[in-house]
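Reviewing the structure listed below.
The values are calculated or read from the model by the stated rules, or taken from the named source; none is laboratory data. Treat the numbers as computed from the prediction; the structure is a model and nothing was measured. Cβ coordinates were reconstructed from backbone atoms using ideal geometry, including for glycine residues, and neighbour counts include every protein chain displayed. All accessible areas refer to the heavy atoms of the entire protein, side chains included, with ligands and DNA or RNA removed. Shrake-Rupley method; radii C 1.70, N 1.55, O 1.52, S 1.80 Å.
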Number of protein chains: 4
Amino acid sequence: MSSNTFGKLFAVTTFGESHGPAIGCVIDGCPPGIAISPEDFTADLQRRATGRSRFTSQRHEADAVEILSGVFEGRSTGTPIALLIRNTDQRSKDYAAIGAQFRPGHADYTYQHKYGLRDPRGGGRSSARETTMRVAAAVIAKRYLAENFGVRVQAWVDQIGPYVAQRFDEAAIEQNPFFWPDAEQVPVLEAYMDGLRKSGDSVGARLSAQATGVPVGWGEPIYGKLDADIASALMSINAVKAVEIGDGVAVAQQRGSEHRDEMTRDGFSSNHAGGILGGISSGQTIVARMAIKPTSSVLVPGRSTDVHGNEIEIVTRGRHDPCVGLRAAPIMEAMIALVLMDHALRDRAQCGPAWHRRALDER
Amino acid sequence: MSSNTFGKLFAVTTFGESHGPAIGCVIDGCPPGIAISPEDFTADLQRRATGRSRFTSQRHEADAVEILSGVFEGRSTGTPIALLIRNTDQRSKDYAAIGAQFRPGHADYTYQHKYGLRDPRGGGRSSARETTMRVAAAVIAKRYLAENFGVRVQAWVDQIGPYVAQRFDEAAIEQNPFFWPDAEQVPVLEAYMDGLRKSGDSVGARLSAQATGVPVGWGEPIYGKLDADIASALMSINAVKAVEIGDGVAVAQQRGSEHRDEMTRDGFSSNHAGGILGGISSGQTIVARMAIKPTSSVLVPGRSTDVHGNEIEIVTRGRHDPCVGLRAAPIMEAMIALVLMDHALRDRAQCGPAWHRRALDER
Amino acid sequence: MSSNTFGKLFAVTTFGESHGPAIGCVIDGCPPGIAISPEDFTADLQRRATGRSRFTSQRHEADAVEILSGVFEGRSTGTPIALLIRNTDQRSKDYAAIGAQFRPGHADYTYQHKYGLRDPRGGGRSSARETTMRVAAAVIAKRYLAENFGVRVQAWVDQIGPYVAQRFDEAAIEQNPFFWPDAEQVPVLEAYMDGLRKSGDSVGARLSAQATGVPVGWGEPIYGKLDADIASALMSINAVKAVEIGDGVAVAQQRGSEHRDEMTRDGFSSNHAGGILGGISSGQTIVARMAIKPTSSVLVPGRSTDVHGNEIEIVTRGRHDPCVGLRAAPIMEAMIALVLMDHALRDRAQCGPAWHRRALDER
Amino acid sequence: MSSNTFGKLFAVTTFGESHGPAIGCVIDGCPPGIAISPEDFTADLQRRATGRSRFTSQRHEADAVEILSGVFEGRSTGTPIALLIRNTDQRSKDYAAIGAQFRPGHADYTYQHKYGLRDPRGGGRSSARETTMRVAAAVIAKRYLAENFGVRVQAWVDQIGPYVAQRFDEAAIEQNPFFWPDAEQVPVLEAYMDGLRKSGDSVGARLSAQATGVPVGWGEPIYGKLDADIASALMSINAVKAVEIGDGVAVAQQRGSEHRDEMTRDGFSSNHAGGILGGISSGQTIVARMAIKPTSSVLVPGRSTDVHGNEIEIVTRGRHDPCVGLRAAPIMEAMIALVLMDHALRDRAQCGPAWHRRALDER
């Protein structure tokens, strides 16, 4: 029941601290026969990486994945796949001064009090660096889902502070450093982010994601509902403070006659539910959203205390992201893909590949 | 890894269908020595029950809890506690007609396609009746948390369709059928709900909850974060479509210098984080919110299909709630209490009761 | 991770004390569509029951199974199946006197010290009565395994104290109260058991089991090996003190050239391994054995202490089995069936139904 | 529920193949504050290592442990501890020829049929090389158990083929390459093993272990019994075919009046139970035994088939152990220590440190 493991059947255990020697993961329960090479991880890790543009932290990590086990002659063998990435650009001296301090809005205070000690270098285990391994593990899940079910997961940013995306052009998303679906707004965002960086402050964001191609039937009552697992998956991402499925928070204002998705011979006529009914996928596109807080690592001085209870003023130097949401799109995709992969296997375990179709045919 | 089990150490397994002979649960891992009697469940079950006011479904269930095991001479023994409630007012004839139909917005369609068959009586397993056992199990968790840590969990409704609570008066919450914290608005809500019921439609709602008295240190990195587990817990409640922690969706518009909760000698000076930092409780009040969709069981006719793919018009008769959110406050409390109870035990397992305090003292 | 749950995908949670109001179980993860009726449980529960012959405890329980959930119109729906058996012949006054005493060889002492209190009536949770629900749950597993894979599990007793079975005649097993595979020895055993009962003492036994029809490929490295899970399953049965797979303890004296099972075009030429290689089924018959201790509830006076540490002399009255091994055959079968069922689903989850055959064909 | 993870709270996930780039493990749930350095692993890894004497495989591995995470300034932080050992002496050409062959008595056949492909180099994942990481992880568990509870686990070999230990002299165990507790027999064993090696054959063994200092109260009913978990733990070790607790298989011949351990004011007067009653430790020494088969990798030619079903003759060259049992003592200790560590945390989670003592005091 280890808390550093995600997934029940496709189980990903991550390890590693921001400034330790390495980060890594072990993927257990992976189906055999999947083609996997070290190069397969490059694209998604690059999408998540720092230092890609002037709008993200300037930490430069090669993020070269070494496959330590579970792959033979380029294919998964069914045994645990261990992936390792060495940390190379730690610069822990940037952080040495704040080892005895609690940065507001960070996990310093809670880790220290829970465990009685902590690795303060770059936030240690609580750093977003850990999410690198989620992205790496999900590369395998994405491939399996795409090849076997035609599933595709895509995430994008649709709000940064006061700016909300005005159009949704899927082709635009990967063409700008903001994962933003409206190319016309990009110059405005660039100017906004430059100003923010100069002011030494940070800003929150909202991201959306959709998974297409998910067949009807994934998810389980009651506590393993697909949306419950997605909620857990997304809320486990650093800085996320809200998760929505389908119409999300807006449902509080809707009427039943408006919200329910009617069905015709041609399928559902709307998708307020976000592709999940009773915790089980309906065959429609799965739609999720998440809100991500602004990082508390800012140059604006703030009040805090040290480990001895003394009051201090704190300014977070080092390398940080003015908007951590900018790098969260691949992480959001990764978590959704991991949930779907796990449920694909869980559904196959309990229901088999053909049971329900046969049963319906027999009626 | 059963999906009808919630919690890792304080593990609650629920069973039962809306119109089957009974619903029940098994609580495994409960600490020994807790005083438990059948009467202890009455208050919270009444708060959740249907038929309490004209604003909820008129199904009348006695909800008498029988303790089948795990309690000896009024105290928990450490072995599994099984609780049983017989269903008495099922009226399954109300539902017989729609056995071959898929109600829009319900789990009929997905259960049928996942499993190849389903219990259509009252929604079967997907009915909110299941949540009765969550409330029952949480009675024990609440008691343990209160007696050992002074923890108290309270939920309320603060939005119903277009109406948003204008004040927060904790004393008002339990004094009206809406769990509404502003007594002055209650007459308006009554009129609104009466109109809604007459129109045969339903409406969504938003609920908030707070847990006070939670010590610093509960929750675990990375995938067992306290907020991730709360998100899963709340999203697993029927009809919930969004979960927020602390400032929730609003963080997308905040700046880092505004969001971060500064610390002084006297503690935190604000609580934007909602009492959780890095997935671990900070000792502040834990704050969560959830949005709940309007039930799709409405008298307004809707288009749908039957199990053979034929198009039909559907009107959901039977007994339903115009606003299912009205009964969700005790359920929300229950799920938060179950998460906290589980993490209290998990923290004790790994960190022991005294480690971190000792460690800090030694510095 | 509740310890009263067995199995990862076909997860059986049992509850109930020997002299409480009821015992029961919840089976989660059961495939949908399996035909199940209350009568299906009768045969195996009768085989396990006390009071069937003069050689077992004279407690008479009807063991009528009530299906509380998870079955609709005679078929499993995929939701949790709850089974309930009311206790009717508890006679707890038999046990009242020893509530403050620790019976040697029983769990009284350890439960009391672990939990600080215990239900002393009939041993409470530690009573073999709990195994009734294992047998009940396994009825469903056995049916699924038989119908889908042709798997059949059979257990028998082949040693009672000094007597060892001289022949193996499968047809004889169910024809005598000892589950003994050699009809000729039965009169001798009857005389031996009568003498034992008169002396007020008890005796140990050894049981064997085989599972035929298990396909190659069930079981998982490293800690979920099929034999490791069988070992845990059998050792969890009350009074079991040893578990053997294949040649078992005898392998300590074997040579490698003697032990290894050679393969020819027609399959394996021997089965020293007991049908499991590297933790995975080989397609051969699975062979397991277990040794079961004599019950410590005997009329021969023994020395013990009470809960206050005072020395006492103890004589266990009440109803007991002179050889608890006599009723363990159906329990042994049940536990093996539960392990196999779980691994059938686990294998299907990871490897799918056809992957390996296809892969081999392609070579 | 990953099968390459052992333990529920002190959860050890191992990965790696015999001849892959590395083996490793991730320890999750480790209490914070434990002193850990790379050198701490040396002693036990040396005890398990090949190439220590002429009686074991001549593979020479440095087994240098790199700590990748979870330790800061020499102490565990509570986050996952990843340990890595690079494989250096793989010589996989030794094994290339048999890639398409199934070695009798090995996991080749079952892995191939389960997964459709396998890593044949040195047995891949099914190699005993994996046990290195169990020993490494257990170093931490042993330290915690020793420092906090005074627990000590010791294993030894007491049967090798026809030879059975005649005396038990604990001091002798670590003084000879056989972990043999009777120094006088060592010359005879050396001669026997030399002869065996020359004949190209192998032999089985039996090992015993004891854990002293275990307090009363560890272990859980029903399926998480301490003996059930030890049985699973030991049976998961390569080549183990039988597990015994206390008197083990001998109980089949005992009478109840003989087996039960009487209690006096001074404690138990015997230990037939092996320190466990009802699945919970009694405070006595825990006693376990296991039988280990002779390796099937022998020079004596044997009949087998290849992956295409053709009959072949097979002679296992490469480096192998004439008696794999000789290196199993540290592994047996490791698995018992891991079980005890897990249950120490599980007991603390549910029962707290003081509950039961207080409760008894109050009587």
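Does B:ALA155 fit the bill of being touching a helix residue (DSSP H, G or I) at 6+ places or on another chain (Cβ under 8 Å), part of a strand (DSSP E or B), buried (at least 23 other Cβ atoms within 10 Å of the Cβ) and more than 14 Å from chain A (Cβ to nearest Cβ)? Against the criterion (touching a helix residue (DSSP H, G or I) at 6+ places or on another chain (Cβ under 8 Å), part of a strand (DSSP E or B), buried (at least 23 other Cβ atoms within 10 Å of the Cβ) and more than 14 Å from chain A (Cβ to nearest Cβ)), B:ALA155 qualifies.
Among residues of the stretch A:132-144 being among the β-branched types (Val, Ile, Thr) and out of contact with any Pro (no Cβ under 8 Å at 6 or more places or on another chain), the one that is surrounded by the fewest Cβ atoms within 10 Å (Cβ to Cβ) is A:VAL139.
Per the conditions (1) more than 19 Å from the chain's Cα centre (by Cα); (2) of a type in the set (Ser, Thr, Tyr); (3) more than 30 Å from C:GLU130 (Cα to Cα), the sole criterion not satisfied by B:SER127 is (1). Entry remark, the stretch A:158-202: residues being more than 30 Å from A:PRO215 (Cα to Cα), of a type in the set (Val, Ile, Thr) and assigned to a helix (DSSP H, G or I) number 2 in total. Selection of first residues in the stretch C:255-269 that are over 23 Å from D:ALA291 (Cα atoms) and of second residues that are hydroxyl-bearing (Ser, Thr, Tyr) and part of a strand (DSSP E or B), restricted to Cβ pairs under 6 Å at least 6 apart or on distinct chains, gives the following pairs, ordered by first then second residue: C:MET263/D:SER304; C:MET263/D:THR305. In the condition set (1) at pLDDT 95 or above; (2) more than 21 Å from the chain's Cα centre (by Cα), A:SER92 is compliant with all but (1). Does the stretch B:40-58 contain any residue that is out of contact with any Ser or Thr (no Cβ under 7 Å at 6 or more places or on another chain), modelled with pLDDT of 95 or more and either surrounded by fewer than 19 Cβ atoms within 10 Å (Cβ to Cβ) or away from chain A (no Cβ under 14 Å) (or both)? Looking for residues that are out of contact with any Ser or Thr (no Cβ under 7 Å at 6 or more places or on another chain), modelled with pLDDT of 95 or more and either surrounded by fewer than 19 Cβ atoms within 10 Å (Cβ to Cβ) or away from chain A (no Cβ under 14 Å) (or both), one finds at least one in the stretch B:40-58, hence yes. For the residues C:ARG265, C:ARG303, C:ARG289, C:ARG206, the requirement of being over 30 Å from C:GLY99 (Cα atoms) and out of contact with any helix residue (DSSP H, G or I) (no Cβ under 6 Å at 6 or more places or on another chain) singles out C:ARG265.
For the stretch D:4-16, the set of residues classified as open to solvent by less than 10 Å² (accessible area, probe 1.4 Å) and either at the interface with another protein chain (Cβ under 7 Å from one of its Cβ atoms) or without any contact (Cβ under 8 Å) to a residue 40 or more places away in the chain (or both) consists of D:ASN4, D:ALA11, D:THR13, D:THR14, D:PHE15, D:GLY16, listed by residue number.
Residue-by-condition table, conditions (1) touching a residue at least 24 places away in the same chain (Cβ under 8 Å); (2) part of a helix (DSSP H, G or I); (3) open to solvent by less than 10 Å² (accessible area, probe 1.4 Å):
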{"residue": "C:GLU61", "(1), (2), (3)": "yes, no, no"}
{"residue": "C:ALA82", "(1), (2), (3)": "yes, no, yes"}
{"residue": "C:THR88", "(1), (2), (3)": "yes, no, no"}
{"residue": "C:ILE98", "(1), (2), (3)": "yes, yes, no"}
{"residue": "C:PRO104", "(1), (2), (3)": "yes, no, yes"}
{"residue": "C:TYR111", "(1), (2), (3)": "no, yes, no"}
{"residue": "C:ASP119", "(1), (2), (3)": "yes, no, no"}
{"residue": "C:GLY124", "(1), (2), (3)": "yes, yes, yes"}
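Among the residues making up the stretch C:230-274, those that are among the charged types (D, E, K, R) and facing chain D (nearest Cβ under 7 Å) are C:LYS241, C:GLU244, C:ASP247, C:ARG255, C:ARG260, C:ASP261, C:GLU262, C:ARG265. The single condition among (1) over 12 Å from D:LEU68 (Cβ atoms); (2) in contact with a Ser or Thr (Cβ under 6 Å, 6 or more places away or on another chain) that A:GLY16 does not satisfy is (1). Residues that are more than 9 Å from chain C (Cβ to nearest Cβ) and surrounded by fewer than 21 Cβ atoms within 10 Å (Cβ to Cβ) were ranked within the stretch B:64-77; the one that is farthest from C:TYR115 (Cα to Cα) is B:ALA64. Looking across B:GLU147, B:GLU184, one residue alone is open to solvent by 10 Å² or more (accessible area, probe 1.4 Å), farther than 22 Å from A:VAL251 by Cβ and either touching a Lys or Arg at 6+ places or on another chain (Cβ under 8 Å) or of a type in the set (A, V, I, L, M) (or both). It is B:GLU184. Among all positions in the stretch A:103-120, there is no residue which is over 22 Å from B:VAL216 (Cα atoms), more than 9 Å from chain B (Cβ to nearest Cβ), in contact with a helix residue (DSSP H, G or I) (Cβ under 8 Å, 6 or more places away or on another chain) and at pLDDT 90 or above.
Of the candidates A:PHE10, A:PHE6, A:PHE41, A:PHE55, the single residue that is among the aromatic types (Phe, Trp, Tyr) and in contact with an Asp or Glu (Cβ under 6 Å, 6 or more places away or on another chain) is A:PHE10.
I'd like to know if the stretch D:42-59 contains one or more residues that are in contact (Cβ under 8 Å) with a residue 24 or more places away in the chain, within 25 Å of A:GLY116 (Cβ to Cβ) and assigned to a loop (DSSP other than H, G, I, E, B). The answer is no, given that none of the residues of the stretch D:42-59 is in contact (Cβ under 8 Å) with a residue 24 or more places away in the chain, within 25 Å of A:GLY116 (Cβ to Cβ) and assigned to a loop (DSSP other than H, G, I, E, B).
Taken as a whole, the structure leaves B:LEU326 outside the set of residues that are in a loop (DSSP other than H, G, I, E, B) and either more than 8 Å from every other protein chain (Cβ to nearest Cβ) or touching a helix residue (DSSP H, G or I) at 6+ places or on another chain (Cβ under 7 Å) (or both).
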